[in-house]
Amino acid sequence: MTRSLTPALLMCTVLALSAAPASAQDVRERLVSGGATEPTRVLSTNPIGLAVRYLNVEYETRVRDRLTTGIGASHLPASVGLGSYFNGDLFVRYYLTGRTFSGLSVDLKTGLTTVGDGRLGAGAGFDVNASSRVNDRVVVSAGFGLKRVFAGADTYVLPTVRLVNVGIAF
């Protein structure tokens, strides 16, 4: 695993572990009721990207109905021949359809991205996404957007594309 991806994966792990139910009482009530609850988190990756060594992971957790927050990271090693690329973002996503992790959503994001000759720049942007629940535990999503990155005196406007992410909802 590369050094540049390790901090992002560590952050995803910390977020996943800290997003546990607020109390044991919540868990007991869910178990006693016997009913299934709506998922509150999704951990996803791009399986197509893995075939070309493009690593992508995204963790998203519901804040309230229609609103989620999350963290995402992507890495493409220089050995692929396209130059080294790293991106790490925090985002807030709003689902327009009213059901979290399903339908059309828009998000605002901010984070760090490598540009041009490998310089790291800070940026902000937006995405438009479409998500679909295949079943109660599998979410498939795709989207696109733009991100403005500031690297020293240079400014870049980069397209962001999520061809397909497949995630586990829990």
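The values are calculated or read from the model by the stated rules, or taken from the named source; none is laboratory data. Note that the structure is predicted; figures quoted are calculated from it, not measured. Neighbour counts are summed over all protein chains in view; Cβ atoms, including those assigned to glycine, are modelled from backbone coordinates with ideal geometry. All accessible areas refer to the heavy atoms of the entire protein, side chains included, with ligands and DNA or RNA removed. Shrake-Rupley method; radii C 1.70, N 1.55, O 1.52, S 1.80 Å.
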Residue selected from the stretch 84-106 under the condition open to solvent by 40 Å² or more (accessible area, probe 1.4 Å) and more than 14 Å from the chain's Cα centre (by Cα), by the criterion nearest to PRO159 (Cα to Cα): TYR85
Filtered residues of the stretch 100-112 (kept if touching a Ser or Thr at 6+ places or on another chain (Cβ under 9 Å) and either assigned to a strand (DSSP E or B) or of a type in the set (D, E, K, R) (or both)): GLY103, LEU104, SER105, ASP107, LYS109
Leading residue by the ranking (modelled with the lowest pLDDT) among those in the stretch 116-168 that are more than 24 Å from SER44 (Cα to Cα) and part of a loop (DSSP other than H, G, I, E, B): GLY116
Where LEU55 falls short, out of the listed (1) modelled with pLDDT under 95; (2) over 14 Å from the mean Cα position of the chain (by Cα); (3) open to solvent by 40 Å² or more (accessible area, probe 1.4 Å): (2)
Residue within the stretch 63-81 that is charged (D, E, K, R), assigned to a strand (DSSP E or B), under 21 Å from ALA169 (Cβ atoms) and open to solvent by less than 20 Å² (accessible area, probe 1.4 Å) present: no
Which numbered condition LEU15 fails, given (1) open to solvent by 60 Å² or more (accessible area, probe 1.4 Å); (2) touching a Gly at 6+ places or on another chain (Cβ under 9 Å); (3) at pLDDT below 95: (1)
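Residues checked against (1) open to solvent by 80 Å² or more (accessible area, probe 1.4 Å); (2) over 21 Å from ALA73 (Cβ atoms):
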site	(1), (2)
LEU108	yes, no
VAL115	no, no
GLY118	no, no
GLY125	no, no
SER132	no, yes
VAL138	no, yes
VAL149	no, no
ASP154	no, yes
Qualifying residues in the stretch 156-169 (those that are surrounded by 14 or more Cβ atoms within 10 Å (Cβ to Cβ) and out of contact with any helix residue (DSSP H, G or I) (no Cβ under 8 Å at 6 or more places or on another chain)) - the one farthest from GLY70 (Cα to Cα): TYR156
